[in-house]
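Note sheet for the following structure.
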Amino acid sequence: NAITPIDNCFEKSKDEIRLIYTPTPHRGLELLVPVFERLSEKIDNIVLDVYSSFKLYGWEQRDEPYAELFERCKQHPKINYHGSVTNEEIREALAKAHIFAYPSIWPETSCICLIEAMSARCLAVHPNYAALPETSGGITMQYQWCEDPSDHANRFAGNLLTAINMVEHIVTGK
């Protein structure tokens with residue numbers, strides 16, 4: 001798979017750390033949201049943008065099992081739920097984001113979302129599951145995948161916190 005490289009003409013914020021999730025919801029959003037909720041209680045300047053829906057494929061009915069999760073996103077003051085938007089909007093959001101947060105539970109054979117995030121200079125945090133190591137070329141922040149959702153969420157949380165601290169250091173110089 002390939003993409004048109006993302007134009008990095010957008011400036012990344014120096015005031016907040018923007019995390020982004022762009023895959024469909026069944027690929028790990030149910031792990032990301034509670035992890036982000038916990039981290040946002042301790043870290044003031046993080047924001048999560050969620051661009052996730054089956055509407056992209058014309059399968060709106062497949063969103064129904066995720067309605068409560070989407071509502072949870074909409075109600076959280078530091079989560080912006082965007083649903084399904086154009087690829088151009090996602091590419092612009094990726095260019096403004098710092099971290100691609102992807103606790104994948106889906107056995108990818110390739111991952112365009114990851115390729116786009118890397119093109120946009122996002123630090124990608126994801127497990128070494130299925131084809132993600134091959135797709136990323138080893139230049140992302142990978143952690144050992146675990147089938148148990150609780151263990152997976154804890155591993156992801158630890159790595160995401162490390163990524164946030166790294167970005168904070170780079171952005172603020174502290």
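The values are calculated or read from the model by the stated rules, or taken from the named source; none is laboratory data. Just so it is clear, the structure is predicted and the values come from calculations on it, not from any experiment. Glycine gets a Cβ as well: all are built from the backbone with ideal geometry, and neighbour counts include every protein chain shown. These accessible areas exclude ligands, DNA and RNA; they are computed on the full protein's heavy atoms, side chains included. Shrake-Rupley method; radii C 1.70, N 1.55, O 1.52, S 1.80 Å.
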In the chain, carbon and sulfur make up what percent of the accessible area (probe 1.4 Å)? 50
Give me the aspartates and glutamates in straight-line cross-link reach of K42: C-alpha distance below 17 Å, same-chain residues under 8 apart excluded. D15, E16, E168
Within the chain, helix-based [θ] at 222 nm, where runs of 4 or more DSSP H residues each add -39,500 (n - 2.57), nearest 500: -12500 deg cm²/dmol
At most 12 other Cβ within 10 Å, DSSP loop - GluC sites (Glu not before Pro), segment 1-105: E11
Work out how much length D7 to E168 would gain on full extension: take 0.36 nm times their residue separation and subtract the Cα-Cα distance, in nm to one decimal. 55.7 nm
Go through segment 117-174 and name the GluC sites (Glu not before Pro) that are in a DSSP coil and have 13 or fewer other Cβ atoms within 10 Å of their Cβ. E147
Taking the Cβ of F10 as the center, what net charge do the other residues with Cβ under 15 Å away carry, scoring Lys and Arg +1 and Asp and Glu -1? -3
Mean Kyte-Doolittle of at least 0.0 plus a Cα span of 24 Å or more along the axis: flag which DSSP H helices in the chain meet both, please. 149-172
Would you rank K14, K96 by solvent-accessible area, highest first, keeping every protein chain in place and using a 1.4 Å probe? K14, K96
Cross-link list K55/K78; K12/K174; K14/K74: which exceed 21 angstrom alpha carbon to alpha carbon? K55/K78; K14/K74
For the pair E88 and E64, the simple spin-label estimate (label points 7 Å beyond Cα toward Cβ) gives in nm 3.4
